[in-house]
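Any read-out appearing in this document is the output of simple, stated calculations on the displayed coordinates, not a laboratory observation. Remember, it's a predicted structure, so these values are computed and weren't measured experimentally. In this analysis, Cβ positions are derived from the backbone assuming ideal geometry, glycine residues included, and neighbour counts consider all displayed protein chains.
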Ligand SMILES: NC(=O)c1ccc[n+]([C@@H]2O[C@H](COP(=O)([O-])OP(=O)(O)OC[C@H]3O[C@@H](n4cnc5c(N)ncnc54)[C@H](O)[C@@H]3O)[C@@H](O)[C@H]2O)c1
Ligand SMILES: NC(=O)c1ccc[n+]([C@@H]2O[C@H](COP(=O)([O-])OP(=O)(O)OC[C@H]3O[C@@H](n4cnc5c(N)ncnc54)[C@H](O)[C@@H]3O)[C@@H](O)[C@H]2O)c1
């Protein structure tokens, strides 16, 4: 796909969690392409370091488990030490659910909630003091189309993603006086390592369930994230941005149910 | 059982389909009903079956003058108006690029202007009774986009919005206004034959097509005092399809 022309992020310092690969790495590339600096965090050390190295001097990797509060302070301190600020946070790290309701274990449910929901909450708590004290910031939480509608076999995942959507709204209201904006991005079916394992393929016609007929590419979500991080979205807070090829708009022409 | 004892209702488009079912359930629960429709023969027959508690008035909802006659009938025959169901509706499928302005106009006249004239016509009578309940039948096409439903969808989203403003303005008069959003219901409008009952309609989680009485029971509830603190709300009744992506039916 053609090179996307992203928003201006000159001077912005952004933390992106779970950015070793997939959507997080694509968002990191957009931040650097827009002139910003990025701290990539992930539990995957080798891939994370490689992704950061590819982006040169504007990127750093920091090993980090988003569900551990102690590690969050280290990430914030590291970012300030390396780049002097925290202007943006993208809560992107996530894991998938463990199957149908009658199959998923309580352990897995708790694990998904801990990473996809509690991790987002701790992350916001960790950066808010710095952002408040330094004139504001932008927090982008990666929810999902599964946070806009029900999606079979994703019980724990959709619970976490709906919760992130709701929590972001409360945060947006509380933090607006401090010029901290909070928005959620809702990717539809995007071709990444997460969806490749369930057989998603890129390219025209490969995903007829969505009106555009194809799965999205990571860069297409990255550019939406970059927009929300940039000053181009300075009056946008508490919003839900679906990046889903029209998936949640309604049925496709092919799949329409009359009524 | 929810009672509508003592209430007088106007149900539009009541010659058949959902409107007929609503009128029938209203009478069963003790209400008296003015049934209106452009289909004179069918409407008259439907009202006769319900006996002395029902009257039929030939009525085009898109005409403001016709509305005055409907309200006069309700007041003269039954003493007032407590409930209005804006149910009459028209659907024509067309791709957006093939839709005509004439057809858009025709659909808006019935589905949107019909509800608008209806609200304006009944509110004075409802105020005289100290309050009332207005139920606007929108659709799933008023909650999401549906291909080939551009004109219909525009009208049903508009009805949803009209409902909200009406609820805000009329609340102080004790008049409640809500919208109902049915999924596929087995009526003439569905335009095809579907077997009723479990398994007959795999497209929705409950795996059956809606029946007019399913919607009728919800409308009875909204007409009754059991829903007395509900206004400005959207009631989805669709066998679960708006919950999200519907999984394929399990193999037996
Ligand atoms: N790909 C899609 O179609 C899609 C759709 C909707 C939402 N999303 C969401 O987008 C985000 C990114 O997903 P992706 O598709 O790029 O998948 P991905 O699996 O490539 O990326 C997720 C990353 O998070 C990391 N991670 C997992 N647990 C972590 C933890 N405890 N701490 C730190 N990092 C951790 C993983 O190592 C991985 O690199 C996720 O929140 C996901 O739920 C993806
Ligand atoms: N059947 C469905 O699947 C479905 C789904 C969602 C919403 N709806 C809505 O439910 C309502 C009832 O529809 P139905 O399914 O019973 O269909 P229907 O066609 O059986 O009933 C509609 C009735 O409205 C009458 N009508 C049409 N134009 C009129 C006018 N100008 N003045 C007075 N009456 C008029 C028709 O003669 C008919 O009797 C409609 O508003 C429709 O849009 C239906």
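Observations
- Its DSSP H runs of at least 4 residues, each contributing -39,500 (n - 2.57), put the calculated 222 nm mean residue ellipticity of the protein assembly as shown at -11500 deg cm²/dmol, to the nearest 500.
- For segment B:96-169, the equivalent ellipsoid derived from the Cα gyration tensor has semi-axes of 28, 13, 7 Å, listed largest first.
- Size descriptor, Kirkwood hydrodynamic radius, that averages inverse alpha-carbon separations across segment A:13-258, Å: 18.1 Å
- Computed E for residue B:64/residue B:40 - FRET, C-beta separation, R0 22 angstrom, nearest 0.05: 0.65
- Restricting the calculation to alpha carbons of segment A:52-114 gives Rg and Dmax of 16.0, 49 angstrom.
- Divided by 2.2 N^0.38 Å, where N counts the residues, the Cα radius of gyration of chain B comes to 0.98.
- Label zone of residue A:45 (point 7 Å out along Cα→Cβ, amide N under 20 Å): in segment A:61-88 this covers A:61-79.
- Efficiency of FRET from Cβ geometry, residue A:134 and residue A:63, R₀ 25 Å, rounded to 0.05: 0.45
- The smallest convex shape that holds all Cα atoms of segment B:180-240, its convex hull, gives 88 Å³ per residue.
- For the protein assembly as shown, the fraction of alpha-carbon pairs in successive 10 Å shells from zero, as %: 4, 17, 23, 19, 16, 13, 6, 2, 0
- Take every pair of alpha-carbon atoms less than 8 Å apart whose residues are at least six positions apart; their mean separation over the length of chain B yields a relative contact order of 19 percent.
- The stretch between residue B:102 and residue B:160 holds 18.6 nm of extra length on full extension. This uses 0.36 nm per residue minus the Cα-Cα distance.
- Rounded to the nearest 10 degrees, the angle from helix A:155-175 to the longest Cα principal axis of chain A is 40 degrees.
- FRET efficiency for the pair residue A:200 and residue B:129, taken as 1/(1 + (r/R0)^6) with r the Cβ-Cβ distance and R0 = 56 Å, rounds to 0.45.
- Once C-alpha pairs closer than 8 Å and six or more residues apart are averaged by separation and normalised to the residue number of chain A, the relative contact order reads 20 percent.
- With each label modelled as a point 7 angstrom along the Cα→C-beta vector, the residue B:72-residue B:53 pair spans 2.8 nm.
- Principal-axis tilt of helix B:150-170 within chain B, Cα atoms, nearest 10 degrees: 40 degrees
- Segment A:85-150, Cα convex hull volume normalised per residue, Å³: 81 Å³
- Cα centroid of segment B:109-131 to Cα centroid of segment A:153-185, whole Å: 40 Å
- Antiparallel content of DSSP bridges confined to segment A:13-258, in %, to 5: 0 percent
- Cα centroids of segment A:207-259 and segment B:25-86: 46 Å apart.
- Computed label-point distance, nm, for sites residue A:74 and residue A:105 using a 7 Å Cα→Cβ extension: 2.7 nm
- Cα long-axis angle, helix A:45-54 against chain A (0 to 90 degrees, to the nearest 10): 70 degrees
- Values of log10 I(q)/I(0), in the order q = 0.14, 0.20, 0.22 Å⁻¹, for segment A:156-214 under a Debye, Cα-only, solvent-free model: -0.59, -0.82, -0.88
- Overall dimensions of segment A:154-259, expressed as equivalent-ellipsoid semi-axes from the Cα gyration tensor (√(5λ), whole Å, largest first), are 28, 16, 14.
- The relative contact order of segment A:102-235 comes to 23 percent, based on Cα pairs under 8 Å that sit 6 or more residues apart.
- The distance between label points at residue B:93 and residue B:226 comes to 3.5 nm (points 7 Å beyond Cα on the Cα→Cβ vector).
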